[in-house]
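Undergrad: The structure under discussion is supplied below as structure tokens; questions concerning it will follow.
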Amino acid sequence: MFRKKPKIDPIVQQREKLLELGSRLQQLRTEKRLSLEIVSRKTMIPRRLLEAIETGQIESLPEPIYIRWLIKQFAETLGLDGAAFSSEFPVYAKAPAAQSNFLFLRLPNFQLRPFHLYFLYVLLLLFSVKTISNVLEQSTLEINRLPSPVIPSIQPPPIPQPMPTPVQAVTATNSPTKAELDKSVIVDIQLKDDSWLKVISDGKKEFEGLLPGGTHRTWKADKELTVRAGNAGSVFITVNKEQAKQLGQPGQVQEVTYTAN
């Protein structure tokens, strides 16, 4: 007669295997100098569950199928092959390939509880957050690889220079007679550019101020007429209908006195 082999309590086997795997994970984590807080942030698994895995406290963990998933995430964070490492933990939920993926819901002694639905919700949430994080990270890397746009340099348009005002001979509306020219001095002033002027006729100040380029003014004196300019190069003077002459050099301050005859 054959003796029946004693059945091994699956809970005891799971507890022993969890203690073995947890001890290996704790040792590797210590070698890598990673705290449980860091692993918790990376895996998004509460620290109390990580501590329960390392110490083999199976009573503090959810169903075995979820424990295997937690072990897988823990192992991958430490650089291990999570799928191969977690497969060592027995879950006793093997189903034939032809049957539905939800066969574990009809396993003996298995009851669907609100905690299971909550845990499935947490897993789905963690998976969604991790997927979105990976997509954003990939997008950032692709953006960083793009070449920087070349911004064409914009040259300011050239500033148009004012055309010099041609100096024309002064023509008076009422031309003075020869007798008037002998008895007085008539000065016509044409400005090529802005200039400050001061005009004194027979000892009396007739004008003092800044005149713009293109200005044409005429002053008359019985005895003498004095012209003082701040920008002599832009001042052209015609005295008693003679040929126009430039008062001085550009930017030069010049003063000239004209007398009758």
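The values are calculated or read from the model by the stated rules, or taken from the named source; none is laboratory data. Fair warning: this is a prediction, and the values are worked out from it, not measured in the lab. A quick note on method: Cβ atoms are made from the backbone with ideal geometry, for glycine too, and the neighbour counts reach across all protein chains shown.
Undergrad: Quick one: what pairs do we get from region 188-203, first residue assigned by TED's automatic domain parsing to the domain that holds Gly230 and closer than 9 Å to Val235 by Cα, second aromatic (Phe, Trp, Tyr) and at pLDDT 85 or above, C-beta under 8 Å, 6+ apart or different chains?
TA: Ile189/Phe236; Gln190/Phe236; Leu191/Phe236; Lys192/Phe236
Undergrad: For region 116-132, name all the residues that are without any contact (Cβ under 8 Å) to a residue 12 or more places away in the chain and either surrounded by 11 or more Cβ atoms within 10 Å (Cβ to Cβ) or not in a helix (DSSP H, G or I) (or both).
TA: The answer is Tyr118, Leu120, Val122, Leu125, Phe127.
Undergrad: Right, another one. Which one of these is surrounded by 15 or more Cβ atoms within 10 Å (Cβ to Cβ) and aliphatic (A, V, I, L, M): Leu49, Leu34? Don't jump to the end; show me each part of the working.
TA: Values: Leu34 fails: surrounded by 15 or more Cβ atoms within 10 Å (Cβ to Cβ).
Result of the check over Leu49, Leu34: Leu49.
Undergrad: Which residue is surrounded by the fewest Cβ atoms within 10 Å (Cβ to Cβ), if the candidates are limited to region 71-97 and must be of a type in the set (A, V, I, L, M) and in contact with a Ser or Thr (Cβ under 8 Å, 6 or more places away or on another chain)?
TA: Ala75
Undergrad: In this structure, is Phe207 among the aromatic types (Phe, Trp, Tyr) and in contact (Cβ under 8 Å) with a residue 24 or more places away in the chain?
TA: No.
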